[in-house]
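The values are calculated or read from the model by the stated rules, or taken from the named source; none is laboratory data. Computed from a prediction, not measured in an experiment: that's the story for all the values here. As a convention, Cβ positions derive from the backbone with ideal geometry for all residues, glycine included, and neighbour counts pool all protein chains shown.
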């Protein structure tokens, strides 16, 4: 029983801090999502435009099928389009991973603080009942 009590915090303020940290992380992730969506959308549309123009010009189904080194004209445009495509994919992937990490971490902190607080309150209630029964 003492080992179980060691898993829980000693004060309600510690649970409140965990809860507040979780709320802040959730807010941070939602704010990040709201702030980055227009920027990523603009970058993505510009990149897709370059990609589709290049694919149409060379009659291929995907930009990765184009060999820029084998082109006589438009080699710079080809390389730039491939670079923008690669950069765009990496940026979006990284942004989404960070936002999702903060979202999950915030949710986990809120959930843990709620469960731990309720378990701590339950243990305190049981201990108080034992003390009352012992006194009577």
Does at least one position in the stretch 40-52 carry a residue that is farther than 30 Å from residue 100 by Cα and surrounded by 12 or more Cβ atoms within 10 Å (Cβ to Cβ)? no
Which condition breaks for residue 10 when tested against (1) surrounded by fewer than 10 Cβ atoms within 10 Å (Cβ to Cβ); (2) within 30 Å of residue 111 (Cα to Cα); (3) at pLDDT 85 or above? (3)
Could you list all residues from the stretch 102-132 that are over 17 Å from residue 15 (Cα atoms) and touching a residue at least 12 places away in the same chain (Cβ under 8 Å)? 102, 103
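Name the residue that is nearest to residue 36 (Cα to Cα), counting only residues in the stretch 70-89 that are more than 29 Å from the chain's Cα centre (by Cα) and either at pLDDT 85 or above or surrounded by 12 or more Cβ atoms within 10 Å (Cβ to Cβ) (or both). Before the answer, list the steps.
Restricting attention to the stretch 70-89, the residues satisfying the condition of being more than 29 Å from the chain's Cα centre (by Cα) are 70-80.
Now narrow it down to the ones that are either at pLDDT 85 or above or surrounded by 12 or more Cβ atoms within 10 Å (Cβ to Cβ) (or both): 71, 74-80.
Working: 71: 36, 74: 32, 75: 32, 76: 29, 77: 27, 78: 27, 79: 26, 80: 23 Å.
Result: 80.
Taking the condition without any contact (Cβ under 8 Å) to a residue 24 or more places away in the chain and under 25 Å from residue 41 (Cβ atoms), does residue 95 pass? Explain how you work it out, then say what you get.
Details: without any contact (Cβ under 8 Å) to a residue 24 or more places away in the chain: no; under 25 Å from residue 41 (Cβ atoms): yes.
Judged against the criteria, residue 95 is not a match.
Does residue 56 qualify as being surrounded by fewer than 14 Cβ atoms within 10 Å (Cβ to Cβ) and farther than 26 Å from residue 30 by Cβ? Before you say what the answer is, go through the steps one by one.
Working: surrounded by fewer than 14 Cβ atoms within 10 Å (Cβ to Cβ): yes; farther than 26 Å from residue 30 by Cβ: yes.
The answer is yes for residue 56.
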Among residues of the stretch 48-66, those that are within 13 Å of residue 77 (Cβ to Cβ) and outside any helix (DSSP H, G or I), counted: 1
Can you say whether residue 72 is out of contact with any strand residue (DSSP E or B) (no Cβ under 6 Å at 6 or more places or on another chain) and part of a helix (DSSP H, G or I), as far as the supplied structure shows? no
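Please tell me if residue 92 is more than 16 Å from residue 49 (Cα to Cα), in contact with a helix residue (DSSP H, G or I) (Cβ under 8 Å, 6 or more places away or on another chain) and at pLDDT 90 or above.
Numbers: more than 16 Å from residue 49 (Cα to Cα): yes; in contact with a helix residue (DSSP H, G or I) (Cβ under 8 Å, 6 or more places away or on another chain): yes; at pLDDT 90 or above: no.
No.
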